[in-house]
Every structure is written in structure tokens, then in C-alpha cells.
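The values are calculated or read from the model by the stated rules, or taken from the named source; none is laboratory data. What you see is a predicted model; the values in this text were computed from it and never measured. Note that each Cβ is placed from the backbone with ideal geometry, even for glycine, and that neighbours are counted across all protein chains shown.
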Amino acid sequence: MLRIGDYEFNSRLFLGTGKFPDFDIQREAVIASETEVLTFAVRRMNIFEPSQPNFLEKINLDQYKFLPNTAGAKTAREAVRIAKLAEASGICHMVKVEIIGCDKTLLPDPVETLKASEELLKEGFTVLTYTSDDVVLARKLEEMGVHAIMPGASPIGSGQGIINPLNLSFIIEQASIPVIVDAGIGSPKDAAYAMELGADAVLLNTAVAGAKDPVKMAKAMKLAVQAGELAQKAGRIPMKRTATASSPLEGISI
């Protein structure tokens, strides 16, 4: 069971809702993923305009928790305002803080991210903070009181997978709150690797929405997260420089 603040989840796959070819494929992919958490950018949704098409109309709202994010914000002030808009709409009291500081790399602004996280914690939000794989920043966010840390595996939407497993492992080892690997996941092997490193969950969007068959990929990601979690609990064998016979002859009389 994954616990984030007052929320509990069985699934450790969080799914983004953008970039799908259409709402029907999006709905089928969501079902195939068996996710319990759907995230979306508040600024890209017409949450106050019922006449506009909305993916929420296509799914059973009772089956999911919604994680609105502050994508599009460039400052802490903007992020806090977006979070409060989402709360006012009655969607959820949980929020993903995302403040981009570089338009080319889409890397987060660490200073504004810290400011926004602190303010939203004071406002009583359940705060999940998107950050780079900065070990010190992750520790400072936890010390501040955020409910989960969300380090990126690689640049948003790049599909490069985990490019700095060492830093991710340091973040995971030092954290006593959930670590959700977010951004850059490209294939099921990346999701499985994140969980093998000890991550508590994986959040992805483009890897499913941009696949040739988003529904099949959503199922593959679900299985990869489950496999990675199980492998981490099982404990892999140590790596060796030389071969070791799988059927040793020691102790066998011929």
C-alpha cells in the first residue's frame, strides 16, 4: 500500500492525461493501466467551462484520485494560484508542484519550487513536488514537509529513461517519504528500473499517450511497475566480473 499524506493507493503507476489521440483511446488506456491517480495540467483544462470537451466526462470519477499540477507556472505565485483554482473546482486537495525554469530543457526552477511548496503546505495542501535529480534539493523538500518527492528521470517527454541512476538511488536511500520517479520514462524497462532502484511509484504520460498503441503500452507499463517492485523486494544477485556456472560441479562424484 502506497500512502501519501492521507491518501492510500494500491497501484504504483500514476498516469498523465495529456497528448492522447482522442478521449476514447485515453479512457481505454487509463483502464488498461489500472492506475488510481490521474494527473493533468490545470491551465490546459476548461474546468470552469462545462460547454467545453473534457476528459473527465469519459471516465468514472469515483474510481480515481486526481492530481492537478501547476504546469505552465514560472513563479511560485503562479503555481499557488493554479493550485487554489484546482481546489476551488472541487477536484482534489492534492497537488503536484511544477515550476519550469528553463524553456529549452523544461527543468524545474529550484528556488521557486521551494517557495511554492512551502506556501502550499501552509495552505494545507497535500504537496507532491516535481524536481530535478538534485539530492540536496530533495532532502530540503522533505525537511520542509512535502508529502512526496518527484525527481525526473530525464527531460520531460524525452523518452530517454533514467540517465542518472546514481542520483536517483541517493534520493531514494535518504528519503523517508514516497519518491515518485517522474518525467522522461520511455519504455517499460525504464519504469521497471525505477522501481528496482527502490522508487515508490512512477508517473508517466508521453510514453503511453505517444505510443503507437497507447492501450497496449499502458498495460505494459502497469506490468513493468509491478515487476520492478517485486524484483526490488526479491533482491537481485550481485554483479560479477567473471562467469559462475549455474550448475557447479563441486561436491559431485562422477
**Request:** Kindly establish whether ALA234 is in contact with a helix residue (DSSP H, G or I) (Cβ under 9 Å, 6 or more places away or on another chain) and without any contact (Cβ under 8 Å) to a residue 60 or more places away in the chain.
**Result:** no
**Message:** I'm trying to understand the selection: among the residues of region 99-117, which are assigned to a helix (DSSP H, G or I) and either in contact with an Asp or Glu (Cβ under 9 Å, 6 or more places away or on another chain) or buried (at least 17 other Cβ atoms within 10 Å of the Cβ) (or both)?
**Reply:** PRO110, GLU112, THR113, LEU114, LYS115, ALA116, SER117
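Is it the case that region 236-253 has a residue that's hydroxyl-bearing (Ser, Thr, Tyr) and modelled with pLDDT of 95 or more?
No.
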**Complete:** Log entry, pairs with first residue in region 85-98 being outside any helix (DSSP H, G or I), second being acidic (Asp, Glu) and surrounded by fewer than 20 Cβ atoms within 10 Å (Cβ to Cβ), beta carbons closer than 8 Å, six or more apart or on different chains, reads HIS93/GLU87; VAL95/GLU87
**Request:** Name the strands (runs of 3 or more DSSP E) wholly inside region 1-42 in which the number of residues that are over 20 Å from SER158 (Cα atoms) and of a type outside the set (A, V, I, L, M, F, W, C) is 2 or more.
**Result:** 7-9
**Item:** Given (1) of a type outside the set (S, T, N, Q); (2) at pLDDT below 90; (3) closer than 30 Å to ALA220 by Cα, number of the condition ALA32 does not satisfy
**Value:** (2)
**Prompt:** Pick from region 26-41 the residues that are in contact (Cβ under 8 Å) with a residue 40 or more places away in the chain and of a type outside the set (A, V, I, L, M, F, W, C): which of them is nearest to LEU85 (Cα to Cα)?
**Reply:** THR39
